[in-house]
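What follows is a set of notes on a single structure, which appears directly below.
The values are calculated or read from the model by the stated rules, or taken from the named source; none is laboratory data. Predicted model only: the values in this text are computed from it and were never measured. Note: ideal-geometry Cβ built from the backbone for every residue, glycine included; neighbour counts use all protein chains shown.
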Amino acid sequence: MGKQRLVHGVSTLVTVLYVGGLLLFFSLMFFQTNCACGGSGRKSVSLSNLKQAAIGHEMYVADNDGFGPSPKSWVDQVSAYMPNKSERVFASAHEAIKDGEYGHAYFRPLGDLKEWAVQNKEEVPLMFDSTDLRRNANGGLELLPDPPRWGKVNLMAFLDGHVKAIRERPRVEIILPTP
């Protein structure tokens, strides 16, 4: 009987050590994964923010007969179309961007255009990572950070609503219909 108790105690100890080792192994794997994805996680948040802002912009354009917001107050005008009227979607999630800074700019040449008329919407920038961190920042692509904000890429939303990471500053030509 004493031998049986000893075997049972040893097998219980082995089981506890085995399960404890597995828990330790998986928790360390999880910890390493979480630490390693911090930058890409923030980049994903910024891409999502740009996409939400682009959707809000599309709703604004639909309500304003095809015209976009004024470049001088685009955040104010488009935020009315955001859930809870949140302005945080206009901010970059990059670690260098502090509270109260935004980090995205509106492509100023869209200011006086009837955006529905633009024929190459998939090539025309709408909002992008910017060196101008102020609210309602707007301008041309000279505001793109160089070196890029996210390592080798900057983030950009396009007039058709898609968002992507870009490696090089795009050459932009806005194509309008000929009368």
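Quick one: is Asn136 of a type outside the set (Gly, Ala, Ser), on the phi > 0 side of the Ramachandran plot and touching a residue at least 24 places away in the same chain (Cβ under 8 Å)?
Numbers: of a type outside the set (Gly, Ala, Ser): yes; on the phi > 0 side of the Ramachandran plot: yes; touching a residue at least 24 places away in the same chain (Cβ under 8 Å): yes.
Spelling it out, Asn136 is indeed of a type outside the set (Gly, Ala, Ser), on the phi > 0 side of the Ramachandran plot and touching a residue at least 24 places away in the same chain (Cβ under 8 Å).
Kindly establish whether Ser48 is assigned to a helix (DSSP H, G or I), over 17 Å from Ala157 (Cα atoms) and under 12 Å from the mean Cα position of the chain (by Cα). If you could, list the steps in order and put the result at the bottom.
Values: assigned to a helix (DSSP H, G or I): yes; over 17 Å from Ala157 (Cα atoms): no; under 12 Å from the mean Cα position of the chain (by Cα): yes.
Answer is no for this residue.
Within segment 128-167, can you find the residues that are in a loop (DSSP other than H, G, I, E, B), under 28 Å from Lys98 (Cβ atoms) and acidic (Asp, Glu)?
Those that are in a loop (DSSP other than H, G, I, E, B), under 28 Å from Lys98 (Cβ atoms) and acidic (Asp, Glu): Asp132, Asp146.
Mind checking whether some residue in segment 54-65 is outside any helix (DSSP H, G or I), modelled with pLDDT of 90 or more and surrounded by fewer than 16 Cβ atoms within 10 Å (Cβ to Cβ)?
Yes, that holds for at least one residue.
Report every pair of residues separated by at least 6 positions or lying on different chains whose Cβ atoms are under 7 Å apart, first residue within segment 91-112 and under 12 Å from Arg134 (Cβ atoms), second buried (at least 18 other Cβ atoms within 10 Å of the Cβ) and basic (Lys, Arg).
none
Condition (residue is polar (S, T, N, Q) and either modelled with pLDDT of 95 or more or over 21 Å from Pro69 (Cβ atoms) (or both)) applied to segment 82-101: is it met by at least one residue?
Our first condition is that a residue be polar (S, T, N, Q); within segment 82-101, this holds for 84, 86, 92.
Cutting the leftovers down to either modelled with pLDDT of 95 or more or over 21 Å from Pro69 (Cβ atoms) (or both) gives us none.
Checked segment 82-101: no residue is polar (S, T, N, Q) and either modelled with pLDDT of 95 or more or over 21 Å from Pro69 (Cβ atoms) (or both).
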